[in-house]
Each structure stands twice: as C-alpha cells, then as structure tokens.
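Worksheet: one structure, shown below.
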Amino acid sequence: MAFNPINWILGFFSLDIGIDLGTANTLVNVKGKGIVINEPSWVAINKRTRKPYAVGAEAKSMVGRTPANIIAVRPLRDGVISEFEITREMLGYFIDRAHQQSIVPFPRPRVVVGIPSGVTEVEKRAVYDASMLAGARETYLIEEPTASAIAVGLPVGEIVGSMIVDIGGGTTEVTVFSMGGIVTSRSLRVAGDELDQDILNFVRNKYNLLIGERMAEEVKMKIGSAFPLPEEKTITVRGRNLISGLPETLELSSVEIREAMSGSIQTIIDTVKDTLDEVPPEIVADLMDIGICLSGGGANLLGLADRVSDEVRIHAWVAEDPMSCVARGAGMILEDFDNLKNWLIKID
Ligand code: ADP
Ligand code: MG
C-alpha cells in the first residue's frame, strides 16, 4: 500500500483502544497504558427520558435500591445486545472516559471490540454502529474467545489444537482452535448469572429467605465451588423472611451451595463434553498435551478446574487473571496490528 502521510500522522497520535464488552463487566485497554477501565456493564437510566443517570460501578451499586423513576439495567445481559440504545450510551461513556486520558483530543480512537462468538450479523452490526456512534474513527470486532486465546498465548496459529472455555456472566463459550481458525464452538446461556439465581432460589425454597442478587453473587464468589473443598466454608447472609416478613440472618455452608449450583455446573460440563465429541481425534490428542484453558470470571469458581479435569479426563487450568483476557488480547492485536489483523472481523 502506498505511503499516506495523513494516515501515518493519524496513526502516530491515535489512541488505540481494546474493549471487552462483557455481559457482566466492561474493560477498556488503552494501547501503551494497559487496562484503564474495569467496571460492571450496568447503566442506571431515567425511566421517562431513557437518559443514563449513572454508568458502571456506580450504577451497579444502585441495583435493588433505585427510586421509582430510575431503573438499573444490564444492556447485554444474555450476551446479546438487547438494549441497543443503552449499550451505545454505555460504550460511548467508556470510550469518552478512556479518550479523556489522551494528551491530544484528536484523532478519534481506533477501537477493537470483543464480541461473543455466537452473535448474529445484526448484533455485530449493532456493536459496530454503537462504537462508531460513540466516537470511534475505525472499529473492528474480534470474537472474544480468539482475543482470550491470544492473551493466554495458546498456539492458535499453529498446526495443533487448543481449547478455551470462557464462563462469563450471561454466557459460557467453548471454542476449539487450530491452524489459525475456529474448528468448532458452542455458546450456552448458562454462566455466572445462572449460578447466582440457583443460590437465590435455593435459599428461598429451603429457608424461606429472600436475598438480593448481589448477595447471591457474593455467596458464590466467597464459598461457591464445583468440587469438594479441602476445607468446607460458611458465610452469613442477610435477607427478608418470606413468612414473617422480618429481616433475618442465616449461615450457609459451601456444601449446600455446591449442591444448589450443581445442575447448572453440570450443564456447563456437558457442553464441554459435547464439544469434545465433535472434535477430530488428532485435536483431542493435542488437547491432552496442552490441557483445556478456563477463562472469564466464572473460571475463578473454586474447584471448577478440578471438576472439569475429573469429568472430561483432560487437564483443565485457569488462565492468569481470567477476567481480563479479552481486553488484554484486544490490546495485543492493536500492538501488533499488521500481523494479527487477520483475526479481526471487519464490517463496512
Ligand atoms: P462477562 O465477560 O460476561 O462480562 P466476566 O468474565 O466479567 O463476564 O465474569 C463475570 C462473572 O464471573 C460473574 O457472574 C461473576 O459473578 C463471576 N465471578 C467473578 N469472580 C468470581 C469468583 N471468584 N468465583 C465465582 N464466580 C466469579
Ligand atoms: Mg467475557
């Protein structure tokens, strides 16, 4: 391509931004700086005007506490853009905030956004439009599993198979790579949120105690597990007794919480097994060498890697800092754009 001085100058000053637009958390990675934003994908909006009132951590802290005219929502709840306008506002807010940290107010940033691999053309277009409307100069999309695999350093470009299982808030994605492409992938709407619901339902049904979603998530993160723990744990929760209507405190054990989540965990494991069933034997053999990489916030669940290893008979391991893989991978693509751009999905 001919040398274009304008592009060169733009490229020199340009702020390159990698974004993990997750169902639970949004991370923004600015080239040369690292992850500058890591906030929940929540937006509190004014019900009447539909205008954002707060975004990110502040909006999440309002959940379950909002007055009648304000509602806190997760615009990507199930991994699809269910609320386009709100997604656009949220993305715009985060891009603006990242951009404010740049020394020059122009040119507008070049953006790489991670999207779940199962999304439709219409949804891809919606993310692209949201990013462009939010002020990007150029927008590229990348499938999240690919971004994670690059961050983790899996040999995705080589003649050997590898597998990543990403457990986010709304979706679990199982992806097998080989020779620079995706061999097979599955997406499942059972992930972190579903485990929170399992806990909430269990506490309500067994103890007639109503706890909030955030309390349920806290229980999962502190004592939740997928495999018997060397030392079982307990946690104290607070909620409202559904019979007396009065506040109540209760102690829960990791054993009962594991049982409460077991159906959903089994669904996730079965999806890994089903994916393996579709994979050619040579690649299965490769996986037995490399193991199965777990990423996303759900990979932090205690004992999950042990449980997968035990059931699938292939060693599973948790990526380093599993919640930031997508954002780090998107950043690595921006660092080495010419070599890695083949992984991007271009929309025009
Ligand atoms: P997404 O990509 O969908 O935004 P993330 O990768 O950010 O999702 O993961 C968010 C999910 O990970 C949430 O359901 C959260 O509860 C869960 N999570 C985070 N930390 C832990 C932990 N220590 N144990 C279990 N689940 C966790
Ligand atoms: Mg994710």
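Every residue, every condition in (1) open to solvent by 30 Å² or more (accessible area, probe 1.4 Å); (2) touching an Asp or Glu at 6+ places or on another chain (Cβ under 6 Å), yes or no:
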site	(1), (2)
ILE150	no, no
LEU154	no, no
THR184	no, yes
ARG189	yes, yes
LEU195	no, no
LEU200	no, no
PRO228	yes, no
THR236	yes, yes
LEU242	yes, no
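With LEU246, LEU229, LEU276 as the choices, which residue is of a type outside the set (Phe, Trp, Tyr), in contact with a helix residue (DSSP H, G or I) (Cβ under 7 Å, 6 or more places away or on another chain), at pLDDT 95 or above and more than 16 Å from ligand 1 (Cβ to nearest atom)?
LEU276
Only one of PRO75, PRO40, PRO67 is surrounded by fewer than 23 Cβ atoms within 10 Å (Cβ to Cβ), within 16 Å of ligand 2 (Cβ to nearest atom) and at pLDDT 85 or above. Can you tell me which?
Residue meeting the stated conditions: PRO40.
Is it true that some residue in the stretch 297-314 is outside any helix (DSSP H, G or I), within 16 Å of ligand 1 (Cβ to nearest atom) and out of contact with any Phe, Trp or Tyr (no Cβ under 7 Å at 6 or more places or on another chain)?
There is at least one residue in the stretch 297-314 that is outside any helix (DSSP H, G or I), within 16 Å of ligand 1 (Cβ to nearest atom) and out of contact with any Phe, Trp or Tyr (no Cβ under 7 Å at 6 or more places or on another chain).
If you take the residues in the stretch 165-182 that are closer than 15 Å to ILE268 by Cα and more than 9 Å from ligand 1 (Cβ to nearest atom), which one is surrounded by the most Cβ atoms within 10 Å (Cβ to Cβ)?
By that ranking, first place goes to VAL165.
Report the residue count in the stretch 52-93 for those that are within 16 Å of ligand 1 (Cβ to nearest atom) and either of a type in the set (D, E, K, R) or assigned to a helix (DSSP H, G or I) (or both).
The number of residues fulfilling the criteria is 12.
Could you check, for the stretch 153-163, whether at least one of its residues is hydrophobic (A, V, I, L, M, F, W, C), more than 16 Å from ligand 1 (Cβ to nearest atom) and more than 22 Å from HIS315 (Cβ to Cβ)?
First, the residues of the stretch 153-163 that are hydrophobic (A, V, I, L, M, F, W, C): 154, 156, 159-160, 163.
Still in the running and more than 16 Å from ligand 1 (Cβ to nearest atom): 154, 156, 159-160, 163.
Within this subset, residues satisfying the condition of being more than 22 Å from HIS315 (Cβ to Cβ) are none.
Among the residues of the stretch 153-163, not one is hydrophobic (A, V, I, L, M, F, W, C), more than 16 Å from ligand 1 (Cβ to nearest atom) and more than 22 Å from HIS315 (Cβ to Cβ), which makes the answer no.
Taking the condition without any contact (Cβ under 8 Å) to a residue 40 or more places away in the chain, open to solvent by less than 40 Å² (accessible area, probe 1.4 Å), farther than 25 Å from VAL326 by Cβ and more than 16 Å from ligand 2 (Cβ to nearest atom), does ILE211 pass?
Judged against the criteria, ILE211 is a match.
Among the residues that make up the stretch 189-202, is at least one of them touching a strand residue (DSSP E or B) at 6+ places or on another chain (Cβ under 7 Å), more than 12 Å from ligand 1 (Cβ to nearest atom) and either under 30 Å from ASN241 (Cβ atoms) or aliphatic (A, V, I, L, M) (or both)?
no
The values are calculated or read from the model by the stated rules, or taken from the named source; none is laboratory data. This is a predicted model, so every value here is computed, not measured. Backbone-built Cβ (ideal geometry, glycine too); neighbour counts: all protein chains shown. Surface accessibility is based on the protein's heavy atoms, side chains included, excluding ligands, DNA and RNA. Shrake-Rupley method; radii C 1.70, N 1.55, O 1.52, S 1.80 Å.
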